[in-house]
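*Asks:* Supplied in structure tokens, the structure appears directly below.
Readers should treat all values here as calculations from the given coordinates under stated rules, not as data from a laboratory. Here the structure is a predicted model, which means the values were calculated and not measured. For neighbour counting, all protein chains shown are included, and Cβ atoms are generated from backbone atoms with ideal geometry for every residue, glycine included.
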Amino acid sequence: MADAGFRIEHVDYQAAAPLLRRVREPVFVQEQKVPLELEWDDLDPASQHVLALDGAGNPIGTGRLTPKHSIGRMAVLPEWRGRGVGEAILAALVDRARESGWPDVTLAAQVHAIGFYARAGFLPEGDHFDDAGIDHLLMRRNLRAPGTIGDRRALVAATLGVVAGARRALVVYSRDLDPGVFDRPEVVEASILELQYHADLMDLMGLDQTHKIQLHTGGVYGDKPAATDRFVAVYETLDASIRKRLVIENEERHFNLADNLRIHERTGIPLLFDTFHHDLFNEGESLAEALDLVQPTWEGHGPAMLDYSSQDPDKRWGAHTPTIDLEDFSSVLDVLDGRDVDVMLEIKDKEKSALAANEFLRERAAARSD
């Protein structure tokens, strides 16, 4: 970790006790108000300890691995938080537990840190409990096989681990949000709970509002203006944690780009633009004109998001192609040239088409540089 400005070392407790105190007492005793007599216990001399040290050898973080097969006393000084120190300490402790042949390792997570540990593969167990006046939850990581997901809470934690690698953006799409949701009173409450679940998940991951929840606007039931009004009315009741993440996508039957623009004008919701749906249902806007309308709706929300696909030549109207049509993709790229957008492939053989698209982009860039 030298290139990160710190290093991780396994240390002897007796020899390193003064350095451990320079981290644990400021964090636990002074910051979190843990009584000093509770901070140091009989497990310390029997535990394996790690220290994070800055370039000058000063202690900036610590953690321990106890004979009870548990990780504890994870602490990082405030000025070093958010810089990968905690992740490095945790990884070192997990590696040591695995090297010791342990089948699993547990920890008592302070509730605010559940997301941090979930990203490292720990799943919650049991009920919350109090330790030194702080709310905690037991978490476990299986070191020999994937952990068992027993409830919704564990599912949230496991999902955090799976998507922890997302860096540029994360877009969540749920079938529960398909057309009809916001037009049918009997499912509005359940749908809002679903939205809240996804919003809470993204918040736990520490993702900002450039990471979105994508949905269609809804059915029209013979009266599009009334359906639009109902959608807007429900939107206005949503918690701010949901509203900051919602984007709406134009679709091929009910709400096209122009319809969604009218909703944007009333709500400020960014518009995720689907190129294929626009081909199927539009009000005469060219692709360039459509993008000129879409991009301003993303101000303050990161780069505009775009779904790309094309027609399957062997199936019904509106069926997505099973694999990328590079000639059609090239025509879209010509219009996108110079625009800051995130392009997502809505194609059935996603990985295969993504690789083909990346290779095509490399060849295209090389040809332009010649």
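*Asks:* Over the stretch 171-369, what is the relative contact order in whole percent, taking alpha-carbon pairs under 8 Å and six or more residues apart?
*Replies:* Numbers: 273 pairs, mean separation 29.4, N = 199.
Over the stretch 171-369, the number comes to 15 percent.
*Asks:* Further question: With an 8 Å Cα cut-off and a minimum separation of 6 or more residues, compute the relative contact order for the chain in percent. Before the final figure, lay out the partial values.
*Replies:* On the way: 557 pairs, mean separation 29.7, N = 370.
Relative contact order here is 8 percent.
*Asks:* If you don't mind, another one. Which of H211, H198, H69 has the fewest other C-beta atoms within 10 Å, and how do the rest follow up to the most? Don't skip to the answer; put the middle values down first.
*Replies:* Working: H211 21, H198 24, H69 15.
Taking fewest neighbouring Cβ atoms as first place, the list is H69, H211, H198.
*Asks:* Please state the equivalent ellipsoid semi-axes for the stretch 2-163: what are the square roots of 5 times the Cα gyration tensor eigenvalues, largest first, in whole Å? Walk me through the numbers on the way to the answer.
*Replies:* Numbers: eigenvalues 120, 63, 51 Å².
Semi-axes (√(5λ), whole Å): 25, 18, 16.
*Asks:* So if R0 is 30 Å, what FRET efficiency would W317 and L293 give, r being the distance between their Cβ atoms, rounded to the nearest 0.05? List each step's numbers first, then the result.
*Replies:* Details: r = 25 Å, r/R0 = 0.82.
Efficiency computed from Cβ-Cβ geometry: 0.75.
*Asks:* If you don't mind, there's one more thing I want to ask. For the stretch 274-352, which trypsin sites (Lys or Arg not before Pro) are both in a DSSP coil and crowded by at most 16 other Cβ atoms within 10 Å? Each step should come with its number before you reach the end.
*Replies:* On the way: sites: K315, R316, R339, K348, K350, K352; in loops: K315, R316, R339, K348.
Answer in residue order: K315, R316, R339, K348.
*Asks:* Rank the residues V294, V27 as a footprinting-exposure proxy: fewest other Cβ atoms within 10 Å of their Cβ go first. Could you put the intermediate results ahead of the total?
*Replies:* Numbers: V294 25, V27 21.
The fewest-first ordering by Cβ neighbours comes to V27, V294.
*Asks:* Stretched out fully, how many nm does the piece from E31 to W102 gain, at 0.36 nm a residue minus the Cα gap?
*Replies:* 22.3 nm
*Asks:* Could you let me know the centre-to-centre spacing of the stretch 259-310 and the stretch 33-72, using Cα atoms, in angstrom?
*Replies:* 52
*Asks:* Here's something else I'd like to know. Given contacts defined as C-alpha pairs under 8 Å and at least six residues apart, what's the relative contact order of the stretch 2-163, whole-number percent? Don't jump to the answer; show the numbers that get you there.
*Replies:* Numbers: 266 pairs, mean separation 28.7, N = 162.
Worked out over the stretch 2-163, it gives 18 percent.
*Asks:* Moving on to the next point. Pairs on different chains or at least eight residues apart, Cα atoms closer than 30 Å: how many lysine pairs in the chain fit?
*Replies:* 13
*Asks:* List the GluC sites (Glu not before Pro) in the stretch 247-347 that DSSP assigns to loop (not H, G, I, E or B) and whose Cβ has at most 14 other Cβ atoms within 10 Å. Which are they? Mind dumping the intermediate values first?
*Replies:* On the way: sites: E249, E251, E252, E265, E283, E285, E289, E299, E327, E346; in loops: E251, E252, E283, E285, E299, E346.
Listed in order of number, the matching sites are E283, E299.
*Asks:* For the chain, modelled as a GNM with alpha-carbon contacts under 10 angstrom, which of A120, A357, A75 fluctuates the most?
*Replies:* Looking only at A120, A357, A75, the largest GNM fluctuation is found for A357.
*Asks:* Turning to a different aspect of this structure: Which loop chymotrypsin sites (Phe, Trp or Tyr not before Pro) in the stretch 310-370, with loop taken from DSSP, have no more than 13 other Cβ atoms within 10 angstrom of their Cβ? Present the calculation step by step, with values, prior to reporting the outcome.
*Replies:* Values: sites: W317, F329, F360; in loops: W317.
Sites meeting the loop and neighbour criteria: W317.
*Asks:* Could you check the spin-label model distance between E359 and D95? Points 7 Å from the Cα along Cα→Cβ, value in nm.
*Replies:* Result: 3.6 nm between the two label points.
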